[in-house]
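The structure appears right after this line, and notes come after that.
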Amino acid sequence: MLKRFKMTLFILACMFISLGSVHAEEWFYQRMYLTSHHVMNYSNERGALGRANLHVIQGNESGNSMFTYCADVDTGGYAGSYSKSALDSSAYDGNGLRLAAILASSYPYVSLEEMKALYYEQTGYSIDGLTYQEAIYATQAAVWTITNGNHAPYTFAGNIGDDEMLDLTHTNGLHCNWAVTNPNQEGYCYPNVDSTYYDKDETAVSARVNAVVNWLLSMDGSQMTDGNVSINVISKSFTYDNSKGENIAKVSFSLDFDNLTTISSLADINVSVTDLNGNEIDVDYSDGVYSFEVLYPGDVKDVKFNISVEYSNSYNATAYLYQSSGNQDLVGVENNGVNKSASIAVDISRTGIGDVEVSKSAITGGPEIEGARLTIKDSNGNVIDTWISGGEPHVVKGLQEGDYTLTEELAPEGYSTASTIDFKIKDGEVTSINMIDEVTKLLIIKKDCYGEEVVGSKFKLIDENGNVVYEWTSKEGGEYIEKIKVGVYTVVEVVYPTGSSEGIETSRVSIEVKDTGAKQVIELTDNSVCKLINVPKTGIVKSMGLGISVIALGGLVIISSRKKEA
C-alpha cells in the first residue's frame with residue numbers, strides 16, 4: 001500500500017505542466033514507464049500490431065514529466081525532441097474532444113480506483129477486478145482506434161502468463177515490468193506486481209478489457225464541454241420567529257450536473273452563499289441538499305442572497321499531441337485549471353403579512369390577566385405560537401394572510417376558560433384582539449329540611465389537597481364567592497361548643513366548581529332528622545296541644561315548644 005501511495009503521488013506531481021511555456025518548451029523522451037505486455041491486433045487491411053505502453057516525456061525548461069500514450073500504431077521509435085500542441089475538436093477527423101474524454105477518464109490521469117468509479121457511474125456496472133495492466137491496454141486500444149482513423153475493432157491476442165507478461169525478476173523476488181532505460185537507469189520495477197497479482201484467466205481479462213474499451217469508445221466528447229452545474233432552489237421562506245423576536249430567512253437548494261456524473265467528493269465542490277452586503281453565510285449539507293438560515297430584525301421585509309458553486313473533475317482537462325520527426329507521436333492530457341461554476345440570486349420578500357396583538361383581561365376591565373396559556377393556530381390547525389399571558393399584550397408578527405384561531409388552553413386560577421376567537425390577517429394590518437375572562441362565581445346557601453335558610457352556621461371550603469381556601473358564616477341570601485379555581489371541593493360544616501375553640505365537624509358535602517363564568521348556585525340541606533321524625537313538608541307538627549319546630553343543622557337538632565294559643 002505504501003509503495004502504491006508513493007506511486008500515486010509521483011503521478012499527480014508529474015501531471016501539471018505550466019501553461020505559460022507550452023509553445024516555447026521542448027519535450028524529450030525519457031523512458032517507457034509501464035508495459036502491459038499484451039499484443040493487440042487491429043482487424044484491418046494493414047494488420048498493424050502494437051504493444052500497449054505508457055511513455056514518459058519531460059520538458060527541458062520546467063522539468064515536468066508527462067505520461068503519454070502512442071498515437072500511431074504503424075510507427076516505432078521514441079527519441080529526440082517533441083513539440084507540443086493542444087488538440088482541438090477538429091483533430092483526428094473531428095474526434096479531438098472524443099480523444100480528450102478518453103484520456104481524461106483513464107489511468108494515470110485518474111487513479112485506477114477513480115477510473116473504476118467513473119466506469120461504474122457512467123455504465124451502472126462494477127469492474128472491480130480491473131488491473132493497472134488492463135487499464136493501460138484498454139486505454140491504448142481506444143486511443144489507437146481514434147488516432148488511426150479507421151475506428152476498426154481490435155482483437156485481444158496473446159496468452160496471459162508470467163513469461164509473456166513479465167520480463168525481469170527483481171532481486172527481492174518481485175516480478176517487474178520491462179522499461180526502456182536512460183543512461184542513468186537500469187530499469188523501473190512497478191511495485192505490488194508479483195506472480196499472483198495478475199489474473200491468469202484470459203477469458204476474464206479479455207472481458208474486462210473489452211468492457212473498458214467499449215466504454216471509452218462510447219464517449220462522444222461532450223464530457224469535455226458539458227457538465228455545467230446548475231443550482232436548483234428547493235424552498236425559500238421569510239417569516240417572523242416569535243421565540244427569537246426576529247425575522248428568519250430559510251433557503252434550501254441542490255446542485256444538478258448536466259449530462260455529467262462526477263467522482264469528486266463534497267470537499268472538491270466549493271459552495272458559497274453571501275448576502276446583499278457580501279457577508280459569507282454558513283451552509284449545511286445533508287443527503288444532497290444544501291440549506292442555510294439567517295436572522296434579521298423584525299422590520300426587514302426583503303432579503304437577497306447569492307449562491308455560487310465551483311467544482312472540478314477529471315474532465316477539466318486539455319489533450320495535447322507531442323510530435324517528433326520520424327518517431328511515434330504521443331498523446332496526453334493535462335488539467336487545464338478551468339473549473340466549472342454557476343451562480344444564482346435568491347430574492348425573498350415578505351408580502352401578504354400582518355401582525356396580531358393579543359390582550360387578556362377580565363370582563364370588568366383593568367390590567368392584563370397573567371397566567372393564561374394561549375395558542376394561535378392557522379386554518380390547517382398548525383400551531384403558530386403558544387405563550388403564557390403576562391403584564392403586557394402579546395404581539396405575533398409576520399403572519400401570512402388568512403384565517404386563524406386564538407384559543408385559551410388553560411385559564412388562570414379563579415377564571416373560567418374563554419371561548420375560542422376566530423380572526424383574519426390582512427396584508428400590512430395589525431389586528432387587535434382582547435380575550436376576556438370571567439371569574440368563577442359561587443352562591444352557597446344553607447337550608448333546613450323545611451327549605452328555610454339557616455343563618456349563623458360556620459363553613460369551610462377545602463380543596464383536593466386538604467387546603468382551606470375559604471371560610472364563612474351563613475347568612476340570609478347565601479354566601480357569594482368569586483375567583484375559586486375550577487375543580488372539586490369539600491364544604492365542611494363546623495360547630496364550636498360553648499367555651500371551645502376547637503370546631504366539631506358535623507357535615508361534609510362534595511361540590512364541583514365548573515369551568516363557566518355563569519353564577520353557580522349550590523344549596524346545602526340536611527334532611528336526616530326530618531326523615532327520622534317524619535316531619536311533613538309544611539314543617540308544622542301538631543300534637544297534644546304543642547307546636548314543635550325541628551331544624552336540622554348538620555346533625556344538631558334544636559327542639560323548641562310553645563303554648564298553643566286559644
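The values are calculated or read from the model by the stated rules, or taken from the named source; none is laboratory data. Remember, predicted model here, so these are calculated numbers, not experimental data. Here the Cβ is made from the backbone with ideal geometry for all residues, glycine too, and neighbour counts use every protein chain on show.
Restricted to segment 343-378, and to residues there that are surrounded by fewer than 14 Cβ atoms within 10 Å (Cβ to Cβ) and touching a residue at least 60 places away in the same chain (Cβ under 8 Å), the residue that is farthest from residue 296 (Cα to Cα) is 363.
Restricting attention to segment 107-122 and to residues that are outside any loop (DSSP other than H, G, I, E, B) and under 16 Å from residue 69 (Cβ atoms), the residue that is farthest from the chain's Cα centre (by Cα) turns out to be 112.
Inspect segment 481-489 for any residue being over 27 Å from residue 361 (Cα atoms) and more than 49 Å from the chain's Cα centre (by Cα) and give the result as yes or no. No, that holds for no residue.
Check 381, 451, 428 and return the single one that is closer than 17 Å to residue 522 by Cα, exposed (fewer than 13 other Cβ atoms within 10 Å of the Cβ) and not assigned by TED's automatic domain parsing to the domain that holds residue 247. If you could, list the steps in order and put the result at the bottom.
Numbers: 381 fails: closer than 17 Å to residue 522 by Cα; 428 fails: closer than 17 Å to residue 522 by Cα.
The conditions single out 451.
Applying a threshold of 9 Å to beta carbon distances and a minimum spacing of six or more residues, or different chains, the list of pairs starting in segment 97-122 at a residue that is over 10 Å from residue 315 (Cβ atoms) and without any contact (Cβ under 8 Å) to a residue 12 or more places away in the chain and ending at one that is of a type in the set (Gly, Ala, Ser) and part of a loop (DSSP other than H, G, I, E, B) reads 120/126. Among the residues making up segment 323-341, those that are surrounded by 15 or more Cβ atoms within 10 Å (Cβ to Cβ) and farther than 21 Å from residue 109 by Cα are 324, 327.
Please find, within segment 388-405, the residue that is modelled with the lowest pLDDT out of those that are part of a strand (DSSP E or B) and within 19 Å of residue 298 (Cα to Cα). Result: 398.
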